[in-house]
Amino acid sequence: MNRIICYNNRIFATKAGSDVYRLRIPWRPFSNDAAPLLSSQNAGNPEKGSEAKQYDIAIVGGGMVGLALACSLASRPLTRHLNVAIIDSNPALGRKHFIKKEDLPDPRVSTITPATISFFKDIGAWQFVEQHRHAYFDKMQVWDYTGLSYAKYNARDADKEVLGCVVENKVLLSSLLSRVQETVLPKKIYPSRLNSMSILPNSSSSEVDSTLSMTALFTHGRLAKLELEDGNSLYAKLVVIELAPVGADGGKSRVRELAGFRTTGWNYSQNAIICTVEHDVENHCAWQRFLPSGPLALLPIGDKFSNIVWTMSPKESSEFKSITEDNFLKAVNHALDYGYGPHPTPSILGSSDLFSWLKGGISKSANDCFEIPPKVVKLASERMAFPLSLRHANDYASKRVALIGDAAHTVHPLAGQGVNLGFGDASTLSSVISEGIAVGTDIGEVSLLKKYEADRKPANVMMMAVLDGFQKAYSVDFGPLNILRAAAFHGAHHISPLKKSIISYASGEMRLPLFA
């Protein structure tokens, strides 16, 4: 089956022959800020139209997940020798250092789970994260606007040290880039965009001489051919599509569809406003309140700063993005305090007959009392807004192509799980590639890549279903449903085995909360 990829917004397709299709788009120069990395061995800005080069793996998208895959390959004995090309026009990838310690926190952050922290430590990247601003948190409080109930989670409830760590995306990207730069993995970064990709069917011969030229191997279907906007061409046994948001159009890209991958999903008719805010005291807790228009999260990021992720209608997001700083801060503090409804109280939770049927197996602690989040006193960044959607690829793998990260799935940000799913993809795919090499399998064969899909797809679908369920459950203001939601909060807060299962699942252990 033929595969074609184009990496841009305007696409023009022409048939190049009976067995291969190619796509072309107008060439546009990329930023001149993209300088070579440490040396010609591990990075470069190849001259336009230079001779085609062959790689084992080409990663389309040098974002967090794409670089994590490169680091994971570098950490495994059987994959650290692979030649890897990383294709991304983000100028930051061409600079050795692009984070200044005196900079205010960037509003684009990720909540990293304990499972992802372990992954970063395994690939040698966490040491670089710890050199920059980050914030561990060991407790989280979730409640809604009705005031009927709340849930509070502590790391000790699941025998863990932390529930997670909030890190700026630029810190994660810089840390992964620093790690991949120092590895022995043969790699080259192409600061460009993918223009077209061609894959031919396998030849009738079951075995093909691996010493043949790149053109011959491509003709026999043993290599994919990629052409870049800057005129460079390269061949690869396996193409991994990550589609980093910088320099691409992320999960909405037509690259995936044109490669033969179809998706299922929908738009939420919601936008998320993100920004950095400052407190008078340091915040050590992750807070999330479900409001009528969507959840509002307040996440610690260190040095008395927190990150805001506020979901609301597109009309509201336009208004809240443009109002004055003072009015925005008042709105945030109002929404995290008495706005939209009262605080949950112990009498509502424990003494009311409304929840008497949930009293069995309940554990109580003074540390589990409802708390009011710290006041926001200053806006420390611009306010950014982006639309929310759910997208999932029906398949993650085909001949010589695999999807990871945003190319495979996009989710609602209410639990901060999106990038963690992507890092799970990177870890599993590198493991599957290593297993394939161990038994002499072509790393681009679909039978091998389907093992990666079989491992990741169920876990990703389950998490997406849970997050979508939460979104839909809180999109309706209806009396009986409000009571059911409050009962769920009550159980999650007071029933120890259920609380432990929820924490373990959210931490990345990928077990169903009710059946762990």
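Read-outs: derived from the displayed coordinates by stated rules, not from any lab. Note that the structure is predicted; figures quoted are calculated from it, not measured. Neighbour counts are summed over all protein chains in view; Cβ atoms, including those assigned to glycine, are modelled from backbone coordinates with ideal geometry.
Quick notes on this one:
- Pairwise label distance in nanometres, Asp303 with His334, each label 7 Å out on the Cα-Cβ vector: 3.1 nm
- Each part reduced to its alpha carbon centroid, the stretch 298-316 and the stretch 72-111 end up 25 Å apart.
- Positive minus negative residues near Lys330 (Lys, Arg vs Asp, Glu; Cβ under 13 Å): -1
- In this calculation the C-beta distance from Val377 to Ala454 is compared with R0 = 41 Å, giving a FRET efficiency of 0.25.
- The modelled label-to-label distance between Glu51 and Lys315, using points 7 Å beyond Cα along the C-beta direction, is 6.4 nm.
- 3J(HN,Hα) from dihedral phi, the stretch 112-127, Karplus parametrisation 6.51/-1.76/1.60, rounded to Hz, x for glycine, proline: 8, 7, x, 5, 5, 4, 4, 4, 4, 5, 5, 8, x, 9, 5, 4
- Amide proton proximity set for Tyr55, modelled H, under 5 Å, gap of 5+: Tyr235, Ala236, Lys237
- Shape category assigned to the stretch 166-233 from the gyration tensor of Cα positions, a/c cut at 1.5: prolate
- The residue list Ile123, Ile99, Thr111 was ranked by how far each Cα lies along the charge dipole of the stretch 96-138 toward its positive end, using unit charges on Cβ atoms, and Ile99 comes out on top.
- Local charge for Pro186 was computed over the other residues whose Cβ lies under 15 Å away, with Lys and Arg +1 and Asp and Glu -1, and equals +4.
- Cα shape, the stretch 140-181, gyration tensor, a/c 1.5 rule: oblate
- Here the label points at Val446 and Asn202, each 7 Å from Cα along the C-beta direction, are separated by 1.0 nm in the simple model.
- Cα gyration tensor shape of the stretch 78-119, rounded if a/c is under 1.5, else prolate or oblate by comparing a/b with b/c: oblate
- Put simply, when 333-339, 448-454 are sorted by average Cβ atoms within 10 angstrom per residue, most first, you get 448-454, 333-339.
- Residue separation of Leu78 and Val162 scaled by 0.36 nm, minus their Cα-Cα distance, works out to 27.0 nm of gained length.
- Chain lengthening between Val184 and Glu435 when straightened (0.36 nm per residue, less Cα-Cα): 88.4 nm
- Cβ-placed point charges (K, R +1; D, E -1), dipole of the stretch 288-343 about Cα centre in debye, nearest 20: 120 debye
- Too-long pairs where the Cα-Cα distance tops 22 Å, listed order kept, from Lys152/Lys315; Lys170/Lys225; Lys121/Lys170; Lys121/Lys451; Lys121/Lys160: Lys152/Lys315; Lys170/Lys225; Lys121/Lys451
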